[in-house]
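Inspection log for the structure reproduced underneath, given as structure tokens.
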Amino acid sequence: MFKTQKSFHPFKQKTDAYILFISDIPKKLTGFLKEADEALSGQLSTLIKSQVISSKKFSEFVLTAPPTCPTSYFIFVGIGANASSDTLRHASAQSIRTAKRLRCETVVFDHASGQEITEGCVLGLYEFAEYKSKKADPFSFKSITILSDKASVDKGIVLGESVNLARSLANRPGNDLNPETFASYAKKYFAKSKVSVSVIDAKKAKQLKMNGLLAVGQGSSTESRLLVLSYNNAPKKKPIALVGKGVTFDTGGISIKPGKGMSEMKGDMGGAAAVFGALNALSTLQAKTNVIGLIPLAENMPSSKAQRPGDILTMMNGTTVEVINTDAEGRLILADALHYAVTLGAKQILDIATLTGACSVALGNESAAVLGNDDTLLDAIKTASATTGEKVWELPLFEEFYDYIKSPIADIMNAVETKGGGTCTAAKFLEQFVDNTPWIHVDMASVMSHGGTKGYHVKGMSGFGVRLLTEFVTQL
Ligand code: BES
Ligand code: ZN
Ligand code: ZN
């Protein structure tokens, strides 16, 4: 579907849609715009004068060309001066959906940013239709041509599709995706790839004393497990561990959540999906690195077998935890996975999780929170964020927060209900399980999903973190 070409002339060559990004409107039309204006009998200058066509970010105008023109539609999209790469992604997503609405089978983007445009298109055209009994829309593009090089377009396809893979995992409902089906899907999915998959089942987890992981899943008829994805393509380099929270459904357990909005909690494995997608991207791009993806999988259900508030657990690393609130389950499963990463000799650790509702209270819904014990890794994630447009914002990990999570009867407790700073105290809890390993924590609860479609954000689970983690690991 994606093609590249050096140049394209819409008045001499045929296409259904020709998409042009406008970064500024010149006082006097020159070059291509002048030529276009003449070919369109002065229509263009009139539309520009009346500001119907403008450089205003994401303003859009579709001009139907006269029948003599080999191009059917011109789609003008404003991107403002000095557009960022993320603006290009959003503008591409928006305009490719317009082209689809117009049933344009052949499309040309007159822009050289191959990777960003491709990412925007792949992300913006995503639809989650797996559970529709009737095929939604039979339309398909014949060609999307970008005036760029093949390598950047190919990279954009891999990254976009890896995000969509994560979105589809996260969108799958809890009755379909549970710890067991997630693990078997991983085995099948990566079977022919350079990612090797192994699963620590509940029996093995018990031997390893992963009591946090087991306690969270003990109320469910599907047992917890730890999914281990390994990708090795850099001999002798110590691996980085990527740990993703995989709660396939979070009812809250005995500390049950209110019913309103609970269905969203099928997406409580967004961190797991991000790690899954990042390993897919890194292995497809043949990145020169060694990565261990650790995905603790559990379903947090209330039942007669479920853990109770007040229970005390001895975690894999020996720390005792008083379970104040069974809805603070993410940190319990991550704790054992983080310690397991340490025992595997990870040189650095990143974890990503839909961990706290407090994250949205602190930051709104534009960025994830990032916290950690290592400035180099914090800088690296911020750089990766700037490149990918997946926003992160640092929150503090003050040593004083340790006092907040101290338990009167165990070492620490899993919830602090009387004080604010819920995202920070959750991260403080996780820090107890990484020893001195350089580590950062990404809380993506605030960007888990989108309520509507805008630019490359599509209604439903976001797939946040795939591009961020891939870039982070590649640049490290
Ligand atoms: N999965 C939730 C956090 C969440 C909330 C993610 C909203 C996405 C959207 C997590 O397991 C949870 O319930 N956390 C509690 C912790 C509290 C009990 C200390 C929360 O945030 O309320
Ligand atoms: Zn919870
Ligand atoms: Zn949760």
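Being within 24 Å of residue 459 (Cβ to Cβ) and aliphatic (A, V, I, L, M) is the filter; apply it to region 114-155 and report the residue that is surrounded by the most Cβ atoms within 10 Å (Cβ to Cβ).
117
Give the residues of region 59-98 that are outside any strand (DSSP E or B), within 17 Å of residue 25 (Cβ to Cβ) and in contact with a helix residue (DSSP H, G or I) (Cβ under 6 Å, 6 or more places away or on another chain), sorted by residue number.
Passing the criteria: only 79.
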Residues to consider are 72, 54, 41; find the one that is hydroxyl-bearing (Ser, Thr, Tyr) and open to solvent by less than 30 Å² (accessible area, probe 1.4 Å). 54
Among the residues of region 297-318, is there at least one that is away from ligand 2 (no atom under 16 Å from the Cβ), within 20 Å of residue 274 (Cα to Cα) and part of a loop (DSSP other than H, G, I, E, B)? no
Test for residue 392: is it within 16 Å of ligand 2 (Cβ to nearest atom) and within 30 Å of residue 325 (Cα to Cα): no
Filtered residues of region 319-348 (kept if more than 16 Å from ligand 2 (Cβ to nearest atom) and β-branched (Val, Ile, Thr)): 319, 320, 342, 343
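A quick yes/no check of all residues on (1) away from ligand 3 (no atom under 14 Å from the Cβ); (2) not charged (D, E, K, R):
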{"position": "260", "(1), (2)": "yes, no"}
{"position": "263", "(1), (2)": "no, yes"}
{"position": "296", "(1), (2)": "no, yes"}
{"position": "306", "(1), (2)": "yes, yes"}
Tell me, which residue of region 250-262 that is touching a residue at least 40 places away in the same chain (Cβ under 8 Å) and more than 10 Å from ligand 1 (Cβ to nearest atom) is surrounded by the fewest Cβ atoms within 10 Å (Cβ to Cβ)? 256
So, of the residues in region 277-300 that are surrounded by fewer than 24 Cβ atoms within 10 Å (Cβ to Cβ) and aliphatic (A, V, I, L, M), which turns out to be nearest to ligand 1 (Cβ to nearest atom)? 292
Mind checking which residues of region 429-441 are within 21 Å of residue 320 (Cα to Cα) and either more than 12 Å from ligand 1 (Cβ to nearest atom) or open to solvent by 40 Å² or more (accessible area, probe 1.4 Å) (or both)? 430, 431, 432, 433, 434, 435, 436, 437
Name the residues in region 181-223 that are touching a helix residue (DSSP H, G or I) at 6+ places or on another chain (Cβ under 6 Å), under 27 Å from residue 281 (Cα atoms) and of a type in the set (Ser, Thr, Tyr), would you? 193
Spans of strands (runs of 3 or more DSSP E) in region 321-427 with at least 2 residues open to solvent by less than 60 Å² (accessible area, probe 1.4 Å): 348-353, 368-372
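So, in region 154-167, how many residues would count as being of a type in the set (Gly, Ala, Ser) and touching an Asp or Glu at 6+ places or on another chain (Cβ under 7 Å)? Give the steps one after another, and end with the answer.
Our first condition is that a residue be of a type in the set (Gly, Ala, Ser); within region 154-167, this holds for 156, 160, 162, 166.
Add one more test, that the residue is touching an Asp or Glu at 6+ places or on another chain (Cβ under 7 Å), and what stays is 156, 160.
Of the residues in region 154-167, 2 are of a type in the set (Gly, Ala, Ser) and touching an Asp or Glu at 6+ places or on another chain (Cβ under 7 Å).
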Filter region 15-38 down to residues that are open to solvent by 50 Å² or more (accessible area, probe 1.4 Å) and more than 17 Å from residue 77 (Cβ to Cβ) and give me whichever is farthest from the chain's Cα centre (by Cα). 38
Near pairs, Cβ below 7 angstrom, 6+ apart or cross-chain, from region 352-379 (near ligand 1 (Cβ under 10 Å from one of its atoms)) to any residue that is open to solvent by 10 Å² or more (accessible area, probe 1.4 Å) and basic (Lys, Arg): 355/331
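Please determine, by comparing only the residues of region 60-69 that are within 40 Å of the chain's Cα centre (by Cα) and open to solvent by less than 30 Å² (accessible area, probe 1.4 Å), which one is farthest from residue 16 (Cα to Cα).
Result: 63.
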Restrict the check to region 442-449 and report whether at least one residue is modelled with pLDDT of 95 or more, surrounded by fewer than 24 Cβ atoms within 10 Å (Cβ to Cβ) and away from ligand 3 (no atom under 16 Å from the Cβ). no
Which condition number in (1) closer than 27 Å to residue 138 by Cβ; (2) touching a residue at least 60 places away in the same chain (Cβ under 8 Å) is the one that residue 86 fails? (1)
What number of residues within region 247-265 satisfy the criterion of being within 15 Å of residue 357 (Cα to Cα), away from ligand 2 (no atom under 12 Å from the Cβ) and touching a Lys or Arg at 6+ places or on another chain (Cβ under 8 Å)? 0
Any residue in region 347-365 that is over 25 Å from the mean Cα position of the chain (by Cα) and more than 16 Å from ligand 3 (Cβ to nearest atom)? no
Could you run through region 2-51 and say how many residues are in contact with a helix residue (DSSP H, G or I) (Cβ under 9 Å, 6 or more places away or on another chain), modelled with pLDDT of 95 or more and not in a strand (DSSP E or B)? 0
Do we have residue 269 as surrounded by fewer than 20 Cβ atoms within 10 Å (Cβ to Cβ) and within 14 Å of ligand 3 (Cβ to nearest atom) here? no
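The values are calculated or read from the model by the stated rules, or taken from the named source; none is laboratory data. No experiment lies behind these values; they were computed from the predicted model shown. For neighbour counting, all protein chains shown are included, and Cβ atoms are generated from backbone atoms with ideal geometry for every residue, glycine included. Areas reflect the complete protein model, heavy atoms only, side chains present, ligands, DNA and RNA absent. Shrake-Rupley method; radii C 1.70, N 1.55, O 1.52, S 1.80 Å.
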